[in-house]
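Data first, discussion second: the structure below is written as structure tokens.
The values are calculated or read from the model by the stated rules, or taken from the named source; none is laboratory data. As the structure is a prediction and not an experimental result, all values here were calculated from the model. When we count neighbours, we look across all protein chains shown, and the Cβ atoms used for this are built from the backbone with ideal geometry, even at glycine. Heavy atoms of the whole protein, side chains included, go into the accessibility calculation; ligands, DNA and RNA do not. Shrake-Rupley method; radii C 1.70, N 1.55, O 1.52, S 1.80 Å.
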Amino acid sequence: MDKPKGKIILFPQTKERLVEKAFAALEAKQYNEALRFLRAAEELGDASVPVRLALAVCCYELGEYDEAQWRLAALLDEQPGNSELLQMYVAVLLQTNRYREAEDAIRTALRRFPLSAPVREQLHHLLRFSEKMNARALPSAEWKRVTRLLESGDIAEQLHIIKQLEKEDITPVLPLLKQYLSAAEKSPMAKTMLLRLLTEKRIHEPVTVEKLGRRLEVVPAALDEQTETAFASALLSRLEQQLAPESPSLYETAAEIWLRYAYILYPFPPEPEDADLWLAALHFLARRFQGFDADAAALAARYGVEAEEMAKLCRQLHEIEKLSFL
């Protein structure tokens with residue numbers, strides 16, 4: 001049956017409700033949801049600066065850099081001396097390797113606008129970086145090799161490429177590496193290896209890491225692996241206390257499962273942070289991996305946890321085990 005044609009009747013304050021929902025989603029870093037609400041508000045005629053700026057932010061966070069760029073450029077045309085807009089605009093240009101445009105934008109801003117000392121210092125730093133990138137052209141063969149990191153579905157090849165980068169200046173290919181870290185479908189194990197590489201290279205640019213349905217923005221140079229893995233290390237000690245006296249081989253099996261899980265999950269912390277629950281799940285899974293029967297109810301009771309919750313963690317650990325051998 002055809003729908004009746006006619007004008008759409010809007011309820012009062014429709015735009016306001018959409019904007020309210022959009023900013024709530026944006027605050028929760030639910031960028032896809034925020035973008036959907038913001039686009040709807042824009043279609044209904046909301047061309048306010050907060051909405052247009054929020055649209056640019058969502059596009060940037062979701063990797064839609066071309067749209068983020070033109071939206072920020074339009075806002076800068078209206079507010080040419082806005083230092084926050086300028087810094088966001090330059091960040092997008094650098095993200096997309098448009099170093100010449102970034103250099104021009106920074107020089108213009110430094111020449112024309114009264115900026116605070118911290119902003120000018122930051123812009124001078126970005127200017128030096130842009131000049132450096134403009135002065136050096138990455139050999140096409142090297143660029144193609146790193147592009148394979150994004151294109152290849154072979155985890156062995158991906159790990160090999162990341163290993164090769166340990167001896168190289170990764171600054172020219174940093175946008176590609178950041179793209180890999182934020183791509184949901186890419187190997188979480190390779191992402192851990194890549195993130196460690198960025199930490200060793202003292203990369204101070206924020207990067208977005210997406211793994212196993214979780215998303216996090218980190219500054220690699222600021223990561224402290226010992227702090228990030230404190231829970232995992234403490235649990236490993238408890239695992240040894242619980243299992244090693246009973247069976248050294250059982251402890252070794254459980255420890256291997258846990259260390260692989262913590263490695264692949266990094267820099268995300270295990271959830272939930274319930275040591276007894278993880279101990280029960282690891283004990284159960286280690287026995288199964290060794291070919292022994294395991295009484296789930298008895299183990300849950302031994303560690304004082306719910307058998308159903310223990311089973312959920314066992315499934316998580318088993319899925320990670322499969323990923324680690326891809």
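Roughly what angle does helix 230-243 make with the longest principal axis of the chain, taking Cα atoms, 0 to 90 degrees, to the nearest 10?
10
What angle, in degrees between 0 and 90 and rounded to the nearest 10, separates the Cα long axis of helix 65-78 from the longest principal axis of the Cα atoms of the chain?
Tilt of helix 65-78: around 40 degrees.
So how far apart, in nm, are the two label points at Ala234 and Asp169 if each is 7 Å from Cα heading toward Cβ?
So the two model labels end up 4.3 nm from each other.
Which one of Leu216, Ala47, Thr14 has its Cα pushed farthest toward the positive end of the charge dipole of the chain, where Lys and Arg give +1 and Asp and Glu give -1 at the Cβ?
Ala47
Which of the peptides 186-194, 103-111, 280-288, 223-231 is most tightly packed, and how do the rest follow, going by the mean number of other Cβ atoms within 10 Å of each residue?
For the peptides 186-194, 103-111, 280-288, 223-231, the packing ranking is 280-288, 186-194, 103-111, 223-231.
Within 10 Å of each candidate Cβ there may be at most 14 other Cβ atoms; applying that plus a DSSP loop requirement, which trypsin sites (Lys or Arg not before Pro) in the stretch 28-61 survive?
Sites meeting the loop and neighbour criteria: Lys29.
Which value, in Å to one decimal place, does the Kirkwood hydrodynamic radius take for the chain when every pair of different Cα atoms is included?
So the Kirkwood estimate lands at 23.3 Å.
Just to check I understand the Karplus step: with θ = phi - 60° and J = 6.51 cos²θ - 1.76 cosθ + 1.60, what whole-Hz values come out for the stretch 211-225, glycine and proline as x?
9, 6, x, 10, 9, 8, 9, 9, 9, x, 5, 8, 6, 10, 4
Can you work out the FRET efficiency for the pair Leu44 and Leu216, with r the C-beta to C-beta distance and R0 = 30 Å, to the nearest 0.05?
After rounding to 0.05, the efficiency reads 0.35.
What percent do you get for the relative contact order of the chain when only Cα pairs under 8 Å and 6+ apart count?
8
For the stretch 178-251, give the magnitude of the charge dipole about the Cα centre (Cβ charges: +1 Lys/Arg, -1 Asp/Glu; no others), in debye to the nearest 20.
280
Whole-Hz ³J(HN,Hα) for each residue in the stretch 115-131, computed from phi via Karplus 6.51 cos²θ - 1.76 cosθ + 1.60 with θ = phi - 60°, x for glycine and proline: what do you get?
10, 5, 4, x, 5, 4, 5, 5, 5, 5, 5, 5, 5, 4, 5, 4, 4
How much accessible area does Leu85 have with a 1.4 Å probe, in Å² rounded to the nearest 10?
10
Where nothing but the Cβ of Lys and Arg (+1) and of Asp and Glu (-1) is charged, how large is the charge dipole of the chain around its Cα centre, in debye to the nearest 20?
1060
Beyond 31 Å between alpha-carbons counts as too far, so tell me which of Lys163/Lys211; Lys29/Lys186; Lys29/Lys312; Lys201/Lys312 fall in that bin. Write out the running numbers ahead of the final one.
Working: Lys163/Lys211 20 Å; Lys29/Lys186 21 Å; Lys29/Lys312 26 Å; Lys201/Lys312 37 Å.
The answer is Lys201/Lys312.
Return the sequence-ordered ³J(HN,Hα) values of the stretch 201-208 in whole Hz as given by the Karplus equation 6.51 cos²θ - 1.76 cosθ + 1.60 applied to θ = phi - 60°, using x for Gly and Pro.
3J(HN,Hα) across the stretch 201-208, in whole Hz: 7, 6, 7, 9, 6, x, 10, 9.
Does anyone have the angle between helix 14-27 and the longest principal axis of the chain? Alpha-carbon axes, 0 to 90°, nearest 10?
Relative to the chain, helix 14-27 is tipped by roughly 50 degrees.
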